[in-house]
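Coordinate-derived values only; no laboratory data. Worth saying up front: this structure is predicted, and the values here are computed from it rather than measured. Reconstructed Cβ throughout: ideal geometry from the backbone, glycine too, with neighbour counts over all protein chains shown.
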Ligand code: ATR
């Protein structure tokens, strides 16, 4: 029986993961099947159990199931435990489910690929929801000089920062508490979806700074356009998407695919 993988979501039809993993499989010569499955909102655990009973070896998990995937995992990576969410499930030989989250390491790898030095950097992260919680452990592990989490709801940012304060120099507050300049500003809010921009000071960026948006699309987000006008180098979330997928693929197959050609093909298809 061919090893089966999938992405679980609801909705899931828009997911680019099947395309990405098909490209990884072709490139590495790994013989796998990878599909998209819309799991029922009230029974993600059942969907995972059925999938593994039918030859499923692993899965990616997207909105809104990342927390339930965390809860059903028998063992967890440290970064998933910190995130409180799982985007990668692996069925072990012992029948136990291992949960990992690869979003944060995907972000770090994509930034490194763009030549961004994280060690010692002054980093600002916008947003304090699930997307941001999911990337903080790998970001702090890269050894930034400081990391400030700014959020519309200031208390949420302060609490989030407190949860990670044992891992490095991290603090949190409202947008009014943002004091630049920063070497790297990462937008992890969903504000771009509404075409909104968090209220930010004009002198946010240090010379040579990079602005990263976890979102991506056919055109740059409002945040990236705003950052480019202020002289920052801009990076959208498409590279992070491909890098997180590559790390999932590695967890399943023990092979590390080359991401650059897959990212290039995906960019063309946008
Ligand atoms: P996700 O899983 O994408 O992180 P989430 O947990 O709902 O989703 O978090 C959304 C984030 O985007 C939050 O930080 C939210 O700010 P609040 O905590 O104050 O709600 C932020 N956000 C959403 N819309 C925004 C907007 N228009 N302006 C600024 N921040 C916004």
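With Rg and the Kirkwood Rh both taken from Cα atoms, where does Rg over Rh land for the stretch 149-270?
My calculation puts Rg/Rh at 1.01.
I need the shape label for the stretch 37-83. Rule: rounded when a/c is under 1.5, else prolate if a/b > b/c, else oblate, with a, b, c from the alpha carbon gyration tensor. Provide the component values of the computation, followed by the final result.
Working: a/c = 2.10, a/b = 1.40, b/c = 1.49.
Oblate, since a/c reaches 1.5 and b/c is not below a/b.
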Checklist entry - How much of the DSSP beta bridge set in the chain is antiparallel, as a percent to the nearest 5? => result 15 percent
Checklist entry - Taking R0 as 22 Å, what's the FRET efficiency between residue 112 and residue 265 from their Cβ-Cβ distance, rounded to 0.05? => result 0.55
Checklist entry - Can you give the angle from 0 to 90° between the axis of helix 260-269 and the longest principal axis of the chain, with both taken from C-alpha atoms, to the nearest 10? => result 90 degrees
Item to check | FRET efficiency, residue 153 to residue 256 (Cβ-Cβ, R0 41 Å, nearest 0.05) | outcome: 0.60
Checklist entry - How large are Rg and Dmax for the stretch 214-256 when only the alpha carbon atoms are used, in Å? => result 14.1, 43
Checklist entry - Taking Cα atoms, how many degrees apart are the long axis of helix 44-53 and the longest axis of the chain, rounded to 10 and kept between 0 and 90? => result 40 degrees
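Could you give the Stokes-Einstein D for the stretch 136-211 in µm² per second, using the C-alpha Kirkwood radius, 37 °C, 0.692 mPa s? Walk me through the numbers on the way to the answer.
Values: Rh = 13.1 Å.
Translational D for this selection: 251 µm²/s.
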Item to check | Least to most buried among 86, 108, 242 (fewest other Cβ within 10 Å first) | outcome: 108, 242, 86
Checklist outcome for this item: Nearest 10, in degrees from 0 to 90: the angle of helix 154-163 to the longest Cα principal axis of the chain is 60 degrees
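First obtain the Kirkwood hydrodynamic radius of the stretch 92-186 from its Cα pairs, then insert it into the Stokes-Einstein equation at 4 °C and 1.567 mPa s, and state the resulting D in µm² per second as a whole number. Show your work: numbers first, answer last.
Values: Rh = 13.8 Å.
In µm²/s, the coefficient rounds to 94.
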Next on the checklist: Need one number: nm distance between label points at residue 176 and residue 78, each 7 Å from Cα along Cα→Cβ, rounded to one decimal.
Outcome noted: 3.8 nm
Item to check | Extension gain, residue 67 back to residue 219 (0.36 nm per residue minus Cα-Cα distance, nm) | outcome: 51.7 nm
Item to check | Ranked 37, 123, 170, 2, criterion: other C-beta atoms within 10 Å, fewest first | outcome: 2, 37, 170, 123
Checklist entry - With contacts defined as alpha carbon pairs under 8 Å and 6 or more residues apart, what's the relative contact order of the chain in percent? => result 15 percent
Next on the checklist: Could you compute how fast the chain diffuses translationally, taking Rh as the Kirkwood radius over C-alpha pairs and applying Stokes-Einstein at 4 °C with viscosity 1.567 mPa s? Give it in µm² per second.
Outcome noted: 68 µm²/s
Next on the checklist: Could you list 226, 48 so that the one with the fewest beta carbons within 10 Å of its beta carbon is first and the one with the most is last?
Outcome noted: 226, 48
Checklist entry - Rounded to the nearest 0.05, what FRET efficiency is calculated for residue 228 and residue 94 with R0 set to 45 Å and r the Cβ-Cβ distance? => result 0.35
Item to check | Cα convex hull volume per residue for the stretch 123-163 (Å³) | outcome: 60 Å³
Checklist outcome for this item: In deg cm²/dmol, rounded to the nearest 500, the helical mean residue ellipticity at 222 nm of the chain, built from -39500 (n - 2.57) for every DSSP H run of length 4 or more, is -10500 deg cm²/dmol
Checklist outcome for this item: With the 8 Å Cα cutoff and a minimum separation of six or more residues, the stretch 146-264 has a relative contact order in percent of 17 percent
